[in-house]
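Inspection log for the structure reproduced underneath, given as structure tokens.
The values are calculated or read from the model by the stated rules, or taken from the named source; none is laboratory data. Quick caveat: nothing in here was measured; it's all calculated off a predicted structure. We place every Cβ from the backbone using ideal geometry, glycine too, and count neighbours over all the protein chains shown. The area values use the complete protein model at the heavy-atom level, side chains included, leaving out ligands, DNA and RNA. Shrake-Rupley method; radii C 1.70, N 1.55, O 1.52, S 1.80 Å.
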Amino acid sequence: MTPRRIELLGVPVDCVTMAQSVDFVADRIVSDGGCAAVVAVNPEKIMRARKDPALLQSLRRAALLIPDGIGAVWGARFLADAALDRVPGSELMPAICARAAENGRSVFLFGAQEDVNAMVADILPARFPGLRIAGRRNGYVDADAMPALVDEINQSGADVLFVALGSPRQEDWIDRHIGALRVKAVQGVGGTFDVIAGRVRRAPDLFLRLNLEWFYRLLREPKRVWRQRVLLFFVLAIIAERFKAKTG
Ligand code: UDP
């Protein structure tokens, strides 16, 4: 399945659901194609990509651009009348692991602090029996050691690589190394390893169900107000775009 790709403020995003995203990765694992990059798109990244040509290029080259949060979903529905659902990267990763476990596939874990990375390597096979951890490495690797790490990932025979370096570091890493990677899919997962290891808590269910995860984060970390002002700019830019489309 090739999902419909639309642009939000000049930044691409795919119209997919969680189930379609998992199927997409599962299909790529058994296909002869090269390595497929799965990258999350959210308002913060959209606004950054508009000013950062390298980030925009790396998004354009991704095989699957998931609508990571309610902002991207709202924008896509509002501007393009698109059929899609929230596909949070932090939920897609365990969903991919569940499918990989069913099919006896393996994953490589790259990123986060050493203790977090090691915990995730223990937790995932316990949570998804049958899942094989082909290898792991914390996210604090010197630039000159990268070629050896890419070799190690390839030698491990992993089917899927998860990269948890935060954004835009992980998008940059994926874009730089995808040509040399022999895994079938690579997903940038941000702070998800910290969530799995219990270092960072996601919002309670009620907030998630009401699409208010961003608001919960704001309550817990008021300092984020400065970071989240970008959400307001995003909403205003989307409304302006729609107005332009109507009058233009
Ligand atoms: N991280 C990493 N290597 C680095 C910088 C960050 O592995 O050089 C990891 C960090 O340990 C954390 C994740 O990337 O697990 C997300 O980092 P951060 O909170 O800085 O990113 P953000 O969530 O703000 O994108």
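Tabulated data for the structure shown
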| read-out | value |
| --- | --- |
| Restricting region 160-189 to residues that are open to solvent by less than 20 Å² (accessible area, probe 1.4 Å) and in a loop (DSSP other than H, G, I, E, B), the residue that is nearest to the ligand (Cβ to nearest atom) | VAL189 |
| Answer residue from region 192-222, given it is open to solvent by 90 Å² or more (accessible area, probe 1.4 Å) and not in a loop (DSSP other than H, G, I, E, B) and is nearest to ARG50 (Cα to Cα) among those | TRP214 |
| Any hit, region 98-108, residues being part of a helix (DSSP H, G or I), touching a strand residue (DSSP E or B) at 6+ places or on another chain (Cβ under 8 Å) and surrounded by 19 or more Cβ atoms within 10 Å (Cβ to Cβ) | yes |
| Candidates ASP122, ASP115, ASP151, filtered to the one that is in a helix (DSSP H, G or I), within 19 Å of GLY179 (Cβ to Cβ) and at pLDDT 95 or above | ASP151 |
| Residue list for region 223-247, restricted to those being over 23 Å from the mean Cα position of the chain (by Cα), open to solvent by less than 90 Å² (accessible area, probe 1.4 Å) and not hydrophobic (A, V, I, L, M, F, W, C) | GLU241, ARG242 |
| Any pair with Cβ under 7 angstrom, 6 or more apart, that starts in region 131-147 at a residue that is over 17 Å from ASP175 (Cβ atoms) and small (Gly, Ala, Ser) and ends at one that is part of a helix (DSSP H, G or I) and away from the ligand (no atom under 12 Å from the Cβ) | ALA134/SER156; GLY135/GLU152; GLY135/ILE153; GLY135/SER156 |
| Qualifying position, being within 28 Å of ARG4 (Cα to Cα), within 16 Å of the ligand (Cβ to nearest atom), among the hydrophobic types (A, V, I, L, M, F, W, C) and touching a helix residue (DSSP H, G or I) at 6+ places or on another chain (Cβ under 9 Å), among ILE123, ILE66, ILE96 | ILE66 |
